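What follows is a single structure, written as structure tokens, with notes after it.
The values are calculated or read from the model by the stated rules, or taken from the named source; none is laboratory data. Quick caveat, the model's predicted, so the values are computed rather than measured. Neighbour counts run over all protein chains shown; Cβ positions are idealised from the backbone, glycine included. SASA here: full protein model, heavy atoms, side chains in, ligands and nucleic acids out. Shrake-Rupley method; radii C 1.70, N 1.55, O 1.52, S 1.80 Å.
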Amino acid sequence: MLKSGTYTQLAPILFGNGCAGQAGEAVGNLGCKKVLLVSDEGVLAAGAVETVKKALLGAGIQVIVWAEAQTDCPEDTVKAAAAIGRNGSVDGVVGVGGGSVLDTAKAVSAVIPNDVQVLDDIVLYLSGQKNYANQPLPVIEIPTTAGTGSESTFVAVVTSEKLDCKIGLPVPPAYGIVDSELTKTVPSYITAFTGMDALSHANESLTEQTNTPHSDLLAYEAIRLIKENLPLAVEDGTDMEARDRLAFASNIAGISFNESGVHIGHSAAHALGHLYHIPHGVCCANMTPAIIKFAAKTYPEKMKKLGNIMGAKITSDDPEVIGTQAADAVRKFAASIGVKTFKELGLSKDQVLAAKPMFYGDPLCMAFGGEVTEQDVTDILTDAYEG
Ligand code: NAD
């Protein structure tokens, strides 16, 4: 029998090269007349904000542009943007950017009709102990990296001042627009690590407790598309066939892990990213081989399949061999597209191991479909560092 579970698709997605031109119609259909367009400096300079703004204005929607989002969504930026949106009496929020922007847009959409107190109470919202007094404004997410898949996930990953860590505020998007044309300007190194982030979503989704045959299907296809297309897009950012397939892969990996989940790799990535300000995708790329090796002990068949999609040619059924060979294939893949290791970034082993309390204390750590002991966490971090 196939494993039972719930299929979900959080928000409708408009997908296709050039489809951001239809943003006005999509936003108008949600009943929005005046929106706060959230973005950042890099995305503004790349021209994506102008593309979306033009489409919104063309549909008669008023737009306030706020392009001051920062990496990893610090709380003070959410407060600043929400104040502008509230003063401007907006009735919707549009995020145009990478994951940091999309998450900022989500958090802003919850704070505008409520209060900044929402940010202090993240844990209560995340654990379902508290509901919003007023529903968040509709948030329309338009990714410019491939990517986080945030347009299809229910959380905004916020850097909480109070908790001094990265944590998820639940805010489901109302609509997503995935247009690979907007990813054409992503520099090579960012293309590489954002693609590895999507790969890490697919990998962890396969072995999270609530995975289903449906989430697995999306995850394996995302892994295949990333293996085939990420090196092409890193090599030549104007290869729009590769960019298009990566935009799709990122989105379906997002749908997959929103339905299933991510676990140990993301607990570690959030901790290490927060402690040392390393890009999220780089942390995920470094953690993924160690997670594969660990997960192979419980899920040898899945990790064998993943490894073989990544080119490992695994014939053994021994979990140890599968884990080693599949992890090696992913490690080599990341190196081949130039993603730096923790060592190459200048981190010491002690610095990586110092993430252990934050890593082990993260609720996602227990979402793996099997036991995770404190010793496992030490071994996983050591493996991620030493390779
Ligand atoms: P990012 O949003 O931090 O952007 C990285 C850099 O790329 C920025 O300087 C940005 O200006 C630039 N950039 C983005 N698009 C560009 C474009 N088209 N052209 C030129 N430059 C461009 O990076 P990211 O990896 O997309 O997002 C990482 C964040 O997403 C992390 O905070 C992570 O925690 C979060 N995340 C959230 C979810 C979720 O489900 N909510 C999932 C995964 C990751």
For this session: Starting from the Cα-Cα distance between residue 45 and residue 353, subtract it from 0.36 nm times their residue separation and give me the gain in nm to one decimal.
Result: 107.1 nm
Exercise. For the stretch 264-279, what does the Karplus curve 6.51 cos²θ - 1.76 cosθ + 1.60, with θ = phi - 60°, yield as ³J(HN,Hα) per residue in whole Hz, taken in order and with x for Gly and Pro?
Worked result: 4, x, 6, 4, 5, 5, 5, 5, 5, x, 5, 6, 10, 6, 9, x
For this session: Kindly write out, for the stretch 199-210 in residue order, the coupling ³J(HN,Hα) from the Karplus curve 6.51 cos²θ - 1.76 cosθ + 1.60 (θ = phi - 60°), rounded to whole Hz, with x marking Gly and Pro.
Result: 4, 5, 4, 5, 4, 5, 4, 5, 10, 7, 3, 9
For this session: Count neighbours as other Cβ atoms within 10 Å of each site's Cβ, and list the trypsin sites (Lys or Arg not before Pro) in the stretch 89-168 that are DSSP loop with at most 14 such neighbours.
Result: 130, 162
Exercise. What is the magnitude of the charge dipole of the stretch 13-183 about its Cα centre, with +1 placed on the Cβ of each Lys and Arg, -1 on the Cβ of each Asp and Glu, and no other charges, expressed in debye to the nearest 20?
Worked result: 440 debye
For this session: Might you report the magnitude of the Cβ-based charge dipole of the stretch 188-386 about its Cα centre, with Lys and Arg at +1 and Asp and Glu at -1, to the nearest 20 debye?
Result: 260 debye
For this session: Among 273, 173, 163, pick out the residue whose Cα is farthest towards the positive end of the charge dipole of the stretch 163-277, where Lys and Arg carry +1 and Asp and Glu carry -1 on C-beta, about the Cα centre.
Result: 163
Exercise. By DSSP, what percent of the beta bridges with both residues in the chain are antiparallel, rounded to the nearest 5?
Worked result: 25 percent
For this session: State the answer as a single residue: which of 363, 288, 231 lies farthest towards the positive end of the charge dipole of the stretch 188-386, with beta carbon charges of +1 for Lys and Arg and -1 for Asp and Glu, about the Cα centre.
Result: 231
Exercise. Nearest 10 degrees, 0 to 90: what angle lies between the long axis of helix 99-111 and the longest principal axis of the chain (Cα atoms)?
Worked result: 50 degrees
Exercise. Within straight cross-link reach of residue 166, meaning Cα distance under 18 Å, which lysines are found once same-chain residues fewer than 8 apart are removed?
Worked result: 79, 106, 356
Exercise. With θ set to phi - 60° and the Karplus curve 6.51 cos²θ - 1.76 cosθ + 1.60, what are the ³J(HN,Hα) couplings of the stretch 135-146 in order, to the nearest whole Hz, using x for Gly and Pro?
Worked result: 4, x, 5, x, 10, 10, 10, 10, x, 10, 10, 9
Exercise. For the chain, what is the charge dipole size about the Cα centre, in debye to the nearest 20, if Lys and Arg each add +1 at the Cβ and Asp and Glu each add -1 at the Cβ?
Worked result: 400 debye
For this session: Would you please put 137-144, 49-56, 14-21, 377-384 in order of how densely packed they are, using the mean number of other Cβ atoms within 10 angstrom per residue and starting with the highest?
Result: 137-144, 49-56, 377-384, 14-21
Seminar exercise, completed: If R0 = 25 Å, then residue 15 and residue 89, at their Cβ-Cβ distance, give a FRET efficiency to the nearest 0.05 of 0.20
For this session: Enter the angle in degrees (range 0 to 90, nearest 10) between the Cα long axis of helix 240-259 and the first principal axis of the Cα atoms of the chain, meaning the one along which they spread out most.
Result: 80 degrees
Seminar exercise, completed: The long-range amide H neighbours of residue 37, using H built 1.01 Å from N in the peptide plane and a cut-off of under 5 Å, are 64, 65, 66, 94
Exercise. Put +1 on the Cβ of every Lys and Arg and -1 on every Asp and Glu Cβ in the chain; which of 35, 212, 345 then has its Cα farthest towards the positive end of the dipole?
Worked result: 35
Exercise. Given only helices, namely DSSP H runs of n ≥ 4 each adding -39500 (n - 2.57), what is the per-residue ellipticity at 222 nm of the chain, to the nearest 500 deg cm²/dmol?
Worked result: -16500 deg cm²/dmol
Exercise. Measuring with a 1.4 Å probe in the full set of protein chains, what accessible area per residue, in whole Å², belongs to the stretch 13-183?
Worked result: 37 Å²
Exercise. What's the angle, to the nearest 10 degrees (0 to 90), between helix 213-235's Cα axis and the longest principal axis of the chain?
Worked result: 90 degrees
